Amino acid sequence: MKANATGVPLVFVHGMRVSGAMWQPVIDTLGTRHPTAAPDLPGHGSRRGEPFTLPGAVAVVTDAIDALGGRALVVGLSLGGFVAVATAGSHPDRVLGLVAMGCTATPRGLLGAVYRGAARAGARYPQGAARLSAFGFRRALPEPQARAMVSGGLTCETMPDIVRAVSAMDPLAALAAYPGPVWLVNGERDHFRRDERRFLRACHDGRLIVRPGCGHISSLADTEAVARQVQDAAAVVSAARTGGTSVPTHRPATPEEAR
């Protein structure tokens, strides 16, 4: 946790089976301006062995926010995006803004069946699943980012609990309960963008950004681009806090964003 800075506090929320260390390349790129935290969710990293529940995950995020002063811009990818959405919906007073990446679909129907099957296999063969995950990260990401994904350890045994928890949540209701600014960020090739327009409509103050050529994990490949997105969101939040003008609600996507 880095708290000796003056910019908008940032809390980063990691994806399934990895840890908060996945965000270190982005945090390093952002530099020292912002107080930052990237906590490990239950069942991951330093919390390996703890049961994963959505309320428990939200509590970890709110504790990190409180440690940075009580309000923060929350950034999450995949599972971290769902947890960030749940945090914003249940604790809107703590969330200055929300950057939700790769989480505009829920694992139901065919997608849900695929993920439940993968989660069961991961829990049954955690070492093999971890090796397969590490291989996938190396294929999708440059070496520094791939190394960050695995540096906190890979935890596959908790995957069924995560899929059940995410399947049971109502992210649209959580977004509707949050009045602050939301950035929905998806890779063009991300299978979790299928409901992005429904998610956008649920937001009171939402923007949709689609990153050309990116997939679910490969969106982290360009660390500079991710850092710029976070900095842009932080600038909007900062302007709103000081009486400046925010981005209009439901701003239409630019041609680059809508591709």
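Across segment 33-56, which residue is nearest to D222 (Cα to Cα) among those that are in a loop (DSSP other than H, G, I, E, B) and touching a Phe, Trp or Tyr at 6+ places or on another chain (Cβ under 9 Å)? Full working, then the answer.
Our first condition is that a residue be in a loop (DSSP other than H, G, I, E, B); within segment 33-56, this holds for 33-35, 38-44, 48-53.
If we keep only those that are touching a Phe, Trp or Tyr at 6+ places or on another chain (Cβ under 9 Å) too, we end up with 38-39, 41-44.
Values: A38: 19, P39: 22, L41: 24, P42: 28, G43: 28, H44: 25 Å.
This residue is A38.
Conditions tested, residue by residue: (1) in contact with a Gly (Cβ under 9 Å, 6 or more places away or on another chain); (2) crowded, with 22+ Cβ neighbours inside 10 Å; (3) part of a helix (DSSP H, G or I); (4) modelled with pLDDT under 95.
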| residue | (1), (2), (3), (4) |
| --- | --- |
| L175 | yes, yes, yes, no |
| F199 | yes, yes, yes, no |
| I209 | no, no, no, no |
| G215 | yes, no, no, yes |
| A233 | yes, yes, yes, no |
| G244 | no, no, no, yes |
| P248 | no, no, no, yes |
| E257 | no, no, yes, yes |
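Residues that are in a loop (DSSP other than H, G, I, E, B), at pLDDT 95 or above and touching a Lys or Arg at 6+ places or on another chain (Cβ under 9 Å): does segment 21-32 have at least one? Quick ask: steps written out before the conclusion?
Within segment 21-32, the first condition is being in a loop (DSSP other than H, G, I, E, B), and the residues that meet it are 31-32.
Keeping just the survivors that are at pLDDT 95 or above gives none.
No: segment 21-32 contains no residue that is in a loop (DSSP other than H, G, I, E, B), at pLDDT 95 or above and touching a Lys or Arg at 6+ places or on another chain (Cβ under 9 Å).
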#### Entry: Residue in segment 6-13 that is in contact (Cβ under 8 Å) with a residue 12 or more places away in the chain, surrounded by fewer than 21 Cβ atoms within 10 Å (Cβ to Cβ) and more than 15 Å from C156 (Cβ to Cβ) present
yes
Of the listed residues (R116, R120, R124, R131), the one being among the charged types (D, E, K, R) and touching a Lys or Arg at 6+ places or on another chain (Cβ under 9 Å) is R116
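Of A64, A57, which residue is farther than 20 Å from L172 by Cα, surrounded by 15 or more Cβ atoms within 10 Å (Cβ to Cβ) and among the hydrophobic types (A, V, I, L, M, F, W, C)?
Unique residue meeting the criteria: A64.
For segment 121-158, how many residues meet the condition of being of a type in the set (D, E) and either in a loop (DSSP other than H, G, I, E, B) or within 20 Å of P39 (Cβ to Cβ) (or both)?
1
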Within segment 135-173, of all residues that are within 16 Å of A221 (Cβ to Cβ) and small (G, A, S), the one surrounded by the most Cβ atoms within 10 Å (Cβ to Cβ) is A148
Q. Looking at segment 95-106, is at least one residue modelled with pLDDT under 95, hydroxyl-bearing (S, T, Y), within 22 Å of H216 (Cα to Cα) and over 12 Å from the mean Cα position of the chain (by Cα)?
A. yes
Note on L98: of the conditions (1) assigned to a loop (DSSP other than H, G, I, E, B); (2) closer than 21 Å to R194 by Cα, unmet is (1)
| query | Out of all the residues in segment 202-216, is one or more under 15 Å from the mean Cα position of the chain (by Cα) and in contact (Cβ under 8 Å) with a residue 60 or more places away in the chain? | reply | yes
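The values are calculated or read from the model by the stated rules, or taken from the named source; none is laboratory data. In this text, all values refer to a predicted model and were calculated from it rather than measured experimentally. FYI the Cβ positions are ideal-geometry reconstructions off the backbone, even for glycines, and counts take in every protein chain you see.
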